[in-house]
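Engineer: Structure provided below as structure tokens; questions to follow.
The values are calculated or read from the model by the stated rules, or taken from the named source; none is laboratory data. Remember, it's a predicted structure, so these values are computed and weren't measured experimentally. Cβ coordinates were reconstructed from backbone atoms using ideal geometry, including for glycine residues, and neighbour counts include every protein chain displayed. Note: accessible area is taken over every heavy atom of the protein model, side chains too, but ligands, DNA and RNA are not part of it. Shrake-Rupley method; radii C 1.70, N 1.55, O 1.52, S 1.80 Å.
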Amino acid sequence: MIRLATSAFALTVLAGAAVAEPVAFDFDKSHSNLSFTYDHLGYSTTDGRFGDWDGTLLIDKETPANSSIEFTIQIGSLDTFWADRDKHFLSADFFDVEKFPEATFKSTSVEQTGEKQLEVTGDLTIKGITKPATLTVDVKAMGEHPMAKKESVGFAVNTVIKRSDFGMDMFVPYVGDEVTITFHTETLTTAATN
């Protein structure tokens, strides 16, 4: 009887652990955008984006601290809507894309800071230099996607970094050192919901 009760308890604990495991989500790239802005001489704000990126996202809705993200950006996909500027940014003066074709972010902690807000801290690597970065994440929507019929979460992500921290200090302070990064995305569970 004791053995049976012990086995039942063990199964209950295992079942609870399985329910609590983070769930994998895919990025819907047709409804996502990774962009950045910086100040130009105090006269204007220049915009750009990266068109080629991918990541692994695990979400634990019950315990957000168990969530995680790993993200890789293909630097060569940079687009500031001006070809000559793009070419310069990809050169050794800035990203040096031939030597450092990728930038990465890997989360180290996730903290829920509000009802629909998270703070994600992690390691950001650009041009072979790794620095800590903190992302502010606003959860825009969560539930069954009305078209895909899968569990879905929408996010607006923001952070500010200094490009000089990553070996790109040309024209500072005239051209802004601070770069605001914004990521809007819809995500869908890898598996179909029942």
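Engineer: For the stretch 142-194, just list the percent of Cα-Cα distances falling in each 10 Å bin from zero outward, please.
Structural biologist: Percent of pairs per bin, in order: 22, 29, 18, 17, 14, 1.
Engineer: Go through the stretch 22-38 residue by residue and turn each phi into a ³J(HN,Hα) via Karplus (6.51, -1.76, 1.60, θ = phi - 60°); whole Hz please, and just put x for glycine and proline.
Structural biologist: Each residue of the stretch 22-38 in turn: x, 9, 7, 10, 9, 7, 8, 5, 6, 10, 9, 8, 10, 10, 8, 9, 8 Hz.
Engineer: Right, something else. Provide the per residue accessible area, probe 1.4 Å, for the chain, rounded to a whole number of square angstrom. Working shown, then result.
Structural biologist: Values: 11820 Å² over 194 residues.
With the other protein chains kept in place, the chain gives 61 Å² per residue.
Engineer: If you don't mind, another one. Round to the nearest 10 and report in Å² the accessible area of residue 129, as given by a 1.4 Å probe over the protein chains' heavy atoms.
Structural biologist: Answer for residue 129: close to 60 Å² accessible.
Engineer: Another question about this same structure. For the stretch 113-194, calculate the relative contact order in percent as a whole number, restricting contacts to Cα pairs under 8 Å that are 6 or more residues apart.
Structural biologist: Values: 141 pairs, mean separation 21.3, N = 82.
Computed value for the stretch 113-194: 26 percent relative contact order.
Engineer: On to the next question. Can you give the net charge of the other residues whose Cβ lies under 14 Å from the Cβ of residue 140, counting K and R as +1 and D and E as -1?
Structural biologist: Numbers: positive: 116; negative: 28, 115, 138, 186.
So the environment of residue 140 carries a net charge of -3.
Engineer: To continue, here is another question. Below 11 angstrom from the Cβ of residue 59, what's the summed charge of the other residues (Lys, Arg +1; Asp, Glu -1)?
Structural biologist: On the way: positive: 61; negative: 21, 60, 62, 151.
Local charge sum for residue 59: -3.
Engineer: So what's the back-of-envelope 222 nm ellipticity for the chain, counting only DSSP H runs of four-plus at -39500 (n - 2.57) apiece and dividing by all residues, rounded to 500?
Structural biologist: Numbers: 2 runs with 27 residues, N = 194.
Value at 222 nm, helices only: -4500 deg cm²/dmol.
Engineer: Can I ask one more? Per-residue accessible area for residue 127 at 1.4 Å probe radius, Å² rounded to 10?
Structural biologist: 40
Engineer: With charges set only on the Cβ (+1 for Lys and Arg, -1 for Asp and Glu), what does the dipole of the stretch 55-183 come to about its Cα centre, in debye to the nearest 20? All intermediate terms of the calculation are to be shown ahead of the outcome.
Structural biologist: Working: 13 positive and 21 negative charges, 36 e Å.
Approximately 180 debye in magnitude.
Engineer: As I understand it, the dipole of the chain uses +1 on the Cβ of Lys and Arg and -1 on the Cβ of Asp and Glu, about the Cα centre. Which of 122, 176, 161 lies farthest toward its positive end?
Structural biologist: So the residue furthest toward the plus end is 122.
Engineer: When we measure straight from the Cα of residue 140, which aspartates and glutamates land under 15 angstrom away, once same-chain ones fewer than 8 places off are left out?
Structural biologist: Those aspartates and glutamates meeting the cut-off are 28, 115, 119, 151, 186.
Engineer: Quick check: convex hull over the Cα atoms of the chain, volume per residue in Å³, rounded to an integer?
Structural biologist: Details: hull volume 29.7 nm³, N = 194.
Here the figure is 153 Å³ per residue.
Engineer: Each residue of the stretch 60-71 in order: what ³J(HN,Hα) in whole Hz does its phi give by Karplus 6.51 cos²θ - 1.76 cosθ + 1.60, θ = phi - 60°, with x for Gly and Pro?
Structural biologist: So the J values, rounded to whole Hz, are 10, 5, 6, 10, x, 4, 8, 6, 7, 8, 10, 9.
Engineer: Grab the other residues whose beta carbon is less than 12 angstrom from that of residue 185, score K and R as +1, D and E as -1, and report the net. Intermediate values should be presented prior to the final figure.
Structural biologist: Values: positive: 29, 140; negative: 26, 28, 54, 138, 186.
With Lys, Arg at +1 and Asp, Glu at -1, the net is -3.
Engineer: Something else now. To make sure I understand the rule: partners must be lysines, Cα under 19 Å from the Cα of residue 162, and not fewer than 8 residues away in the same chain. Which ones qualify?
Structural biologist: Output for residue 162: 106, 127, 131.
Engineer: Now, a different point. Return the long-range amide H neighbours of residue 52 (sequence gap of 5 or more, or a different chain), with a cut-off of under 5 Å between placed amide H atoms.
Structural biologist: Under 5 Å from the amide H of residue 52: 74, 77.
Engineer: On the protein heavy atoms, probe 1.4 angstrom, tell me the percent of accessible surface of the chain carried by carbon and sulfur.
Structural biologist: Details: 6710 of 11820 Å².
Within the chain, the accessible surface is 57 percent carbon and sulfur.
Engineer: On a 1.4 Å probe surface of the protein chains, which of 168, 142, 147 comes out largest in accessible area, and what is the full order? Mind dumping the intermediate values first?
Structural biologist: Values: 168 10, 142 105, 147 165 Å².
Final ranking, largest accessible area leading: 147, 142, 168.
Engineer: Another question, then. Can you give me the angle between helix 2-20 and the longest principal axis of the chain, using Cα atoms only, in degrees from 0 to 90, rounded to the nearest 10?
Structural biologist: Orientation of helix 2-20: about 20 degrees from the principal axis.
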